[in-house]
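The values are calculated or read from the model by the stated rules, or taken from the named source; none is laboratory data. Fair warning: this is a prediction, and the values are worked out from it, not measured in the lab. Because the Cβ atoms are built from the backbone with ideal geometry, glycine has one as well, and the counts that use them run over all protein chains shown. Remember, those area values only see protein heavy atoms, side chains included, never the ligands or the DNA or RNA. Shrake-Rupley method; radii C 1.70, N 1.55, O 1.52, S 1.80 Å.
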Amino acid sequence: MAEKTYERRPTITKNLDKFFTGLADAFAFVKRFFQEIWFPPYEFKEILRQCYEIGYRSLPLISLTGFIVGIVFTNQSRPSLSEFGATSWLPSLISVAVVRAMGPLVTALIAAGKVGSSIGAEISSMKVTEQIDAMEVSAINPYKYLVVTRVIATTLMLPILVMYTDFLALMGSYINVSQNELVSMSTFFVQVFEAISFLDIFSSIIKSLFFGFTIGIVSCYKGYNSTKGTEGVGKAANASVVMSMFLIFIEELLSLQIVNAIRNG
Amino acid sequence: MMEKIAEMKGLTKSFGDLKVLQGVDLDLYKGENLVVLGKSGSGKSVLIKILVGLLKKDEGSVMVMGKEISELKLKELNALRLKIGFSFQNSALYDSMTVRENMEFPLVRNVKNLTRKEIDTKIEGLLDSVGLPQSINQMPSELSGGQKKRIGIARTLILNPQIMLYDEPTAGLDPITCVEINTLITQVREEYNTSSIVITHDLTCAKATGDRVAVLLDGQFKAVGEFSEVFENATDERIKSFYDYNFIQ
Ligand SMILES: Nc1ncnc2c1ncn2[C@@H]1O[C@H](COP(=O)(O)OP(=O)(O)OP(=O)(O)O)[C@@H](O)[C@H]1O
Ligand SMILES: [Mg+2]
């Protein structure tokens, strides 16, 4: 009977209902992470394996992208600077742009695509084929084994990947600068490090931790709550990427506001 | 009368508007093999999932080994689950792990302080008894359907369960493999002294493995008893047709 009245309600309130139950669900999912992370079993082996997987999966693409972003960005910035005869500022400009924004953002977006989709697909296919149920009936906590380990792994790995991307982007930039402006490597990197402050590096690491956490938790959530059937697997993978990317941009905006406030305050 | 190891009374379960179970009463006695028959979608899988707490019942009572499932805390439920082996309809092997890791996974997480040797002996012994010792290092994707079923059964046996729940152990297998699985189920009961519920569509399997059969129709058990009782005295057309369909002369 309860269902019948539910059926008769207008679509808009039904969708609103769905939205808020979804939100509450997601919130409970995140909350559970912070409840379960403190208690054994800690599954260190699985965390390590996941860290390795994440690095291994995203390294080739991140290396390539980081390097190319460095070259292209340097090349594109040169004309504007040379109008003022200020091409000697290139290293500082690139350094600030890469460390503050491009490194973390590019890395996070690539990781969302590569890692997020594979986590979403993997967990939802485990759900569909009842592997998660199988864990539950043998008294193993699937949330702990699957979700907590993966979220820890993405959270820890992202800052490392970001630093790696930063480095490669700066290398790419150096190659371009050294060819055009004949600057030595040491001069280039002295300028690079003079341009950035401790706050830049620190906030970039904190931001990356949040990006990593977001990718992990969103993908696990989408996988864990996927609908039945093989179609659900594709949807979960897709939704993991879209949702992660969306949240990453929001977080980027927020962090911009916060860091600016700190810098000026 | 024999001792009851599991007992369901007035059990109901719906998904939205879909009423799946509508007042199920069923007893499982210690040491017996009970076969549950019913057509696809009748709620057989739902029934045994409620029995291990994977799904929540709506109404009625479900007692397993003297404990009401819905009232247990997670810790108690997990302790009880260790005594129940659940063989999934599609085997549910962990496909990122080898056969050995699949079997080791529940074992090392639930039984502390085992030596490498004890673990290996146990795994090898069980693989021997399901007839697949050579598959120990294979991945699930390299196994056939029948082999997966057997590994799935071996995996559930590793914790020495007292109750075994088989969800369609022979579905989708050729007749010869079916006979092998049926023999395995009977053998498991004798060797490990389990009480079991076997879900199937397959009357040959039912006849071979079951002490009693129960037919699930319209969300209730319409006939429960020995094989001959249920089918020879069947008044319900659908039970008769179930029989005729399976044994076309
Ligand atoms: N988690 C669920 N959510 C919604 N509906 C479900 C769920 N699980 C089962 N059902 C529905 O309950 C009904 C019974 O499902 P169940 O899997 O128990 O059938 P079955 O008797 O095991 O069939 P089969 O022989 O094909 O395995 C089906 O109509 C199914 O759609
Ligand atoms: Mg079923």
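Restricting attention to the range B:135-167, the residues being free of Cβ contacts under 8 Å to residues at least 40 places away in the same chain and closer than 15 Å to B:ASN102 by Cα number 6. Return the residues of the range A:206-260 that are surrounded by 16 or more Cβ atoms within 10 Å (Cβ to Cβ), within 25 Å of A:ARG100 (Cβ to Cβ) and of a type in the set (Val, Ile, Thr); say none if nothing qualifies. Once the filter is applied, which keeps residues that are surrounded by 16 or more Cβ atoms within 10 Å (Cβ to Cβ), within 25 Å of A:ARG100 (Cβ to Cβ) and of a type in the set (Val, Ile, Thr), the range A:206-260 yields A:THR214, A:ILE215, A:ILE217, A:VAL218, A:VAL241, A:ILE248, A:VAL259.
Selection of the range A:183-213 for residues being without any contact (Cβ under 8 Å) to a residue 60 or more places away in the chain and within 30 Å of A:SER125 (Cα to Cα) yields A:LEU209, A:PHE210. Look at (1) facing another protein chain (nearest Cβ under 10 Å); (2) under 22 Å from B:VAL198 (Cβ atoms); (3) without any contact (Cβ under 8 Å) to a residue 60 or more places away in the chain and you find that B:TYR94 fails only one, number (2). When residues in the range B:34-53 are screened for being in contact (Cβ under 8 Å) with a residue 24 or more places away in the chain, more than 12 Å from the chain's Cα centre (by Cα), assigned to a loop (DSSP other than H, G, I, E, B) and within 14 Å of another protein chain (Cβ to nearest Cβ), 1 of them pass. Taking the listed residues B:ASN160, B:ASN137, B:ASN90, the one that is within 16 Å of ligand 1 (Cβ to nearest atom), touching a Lys or Arg at 6+ places or on another chain (Cβ under 9 Å) and open to solvent by 60 Å² or more (accessible area, probe 1.4 Å) is B:ASN90, with no other qualifying. B:ASN193 satisfies every condition listed in (1) away from ligand 1 (no atom under 16 Å from the Cβ); (2) at positive phi; (3) open to solvent by 70 Å² or more (accessible area, probe 1.4 Å); (4) free of Cβ contacts under 8 Å to residues at least 40 places away in the same chain except (4). In the range B:61-87, the qualifying residues are those that are within 14 Å of B:ASP167 (Cα to Cα) and away from ligand 1 (no atom under 16 Å from the Cβ), and the one that is surrounded by the fewest Cβ atoms within 10 Å (Cβ to Cβ) is B:ILE84. Considering the range B:163-180, and only residues there that are open to solvent by 10 Å² or more (accessible area, probe 1.4 Å) and out of contact with any helix residue (DSSP H, G or I) (no Cβ under 7 Å at 6 or more places or on another chain), the residue that is farthest from ligand 2 (Cβ to nearest atom) turns out to be B:ILE176.
Just one of the numbered conditions (1) over 18 Å from the mean Cα position of the chain (by Cα); (2) surrounded by 21 or more Cβ atoms within 10 Å (Cβ to Cβ); (3) within 16 Å of ligand 1 (Cβ to nearest atom) is not true of B:ASP58: (2).
Please pick out the residue among B:LYS112, B:LYS75, B:LYS67 that is more than 11 Å from chain A (Cβ to nearest Cβ) and of a type in the set (Lys, Arg). Going through B:LYS112, B:LYS75, B:LYS67 in turn, the sole match is B:LYS67.
Considering the range A:161-205 alone, what residues qualify as being acidic (Asp, Glu) and open to solvent by less than 10 Å² (accessible area, probe 1.4 Å)?
Within the range A:161-205, the first condition is being acidic (Asp, Glu), and the residues that meet it are A:166, A:181, A:194, A:200.
Selection gives A:ASP200 alone.
Consider the range B:161-196. How many of its residues are part of a loop (DSSP other than H, G, I, E, B) and farther than 18 Å from B:VAL36 by Cα?
So in the range B:161-196, the residues part of a loop (DSSP other than H, G, I, E, B) come out as B:161-162, B:168-174, B:193-194.
Now restrict to residues that are farther than 18 Å from B:VAL36 by Cα: B:161-162, B:173-174, B:193.
Number satisfying all stated conditions: 5.
Here B:MET63 fits the description: more than 16 Å from ligand 2 (Cβ to nearest atom), out of contact with any Leu (no Cβ under 7 Å at 6 or more places or on another chain) and not charged (D, E, K, R).
Taking the range B:140-152 as the range and being surrounded by 17 or more Cβ atoms within 10 Å (Cβ to Cβ), away from ligand 2 (no atom under 16 Å from the Cβ) and of a type outside the set (Lys, Arg) as the test, the residues that pass are B:PRO140, B:LEU143, B:GLY146, B:GLN147, B:ILE151. Residue count for the range B:25-35, restricted to those that are within 15 Å of ligand 2 (Cβ to nearest atom) and more than 20 Å from B:GLU190 (Cα to Cα): 0.
Going by the conditions given, is A:ARG49 closer than 13 Å to A:ALA169 by Cβ and either of a type outside the set (Asp, Glu) or modelled with pLDDT of 95 or more (or both)? Even if it seems obvious, please write down each step before you answer.
Numbers: closer than 13 Å to A:ALA169 by Cβ: no; either of a type outside the set (Asp, Glu) or modelled with pLDDT of 95 or more (or both): yes.
So A:ARG49 fails the test.
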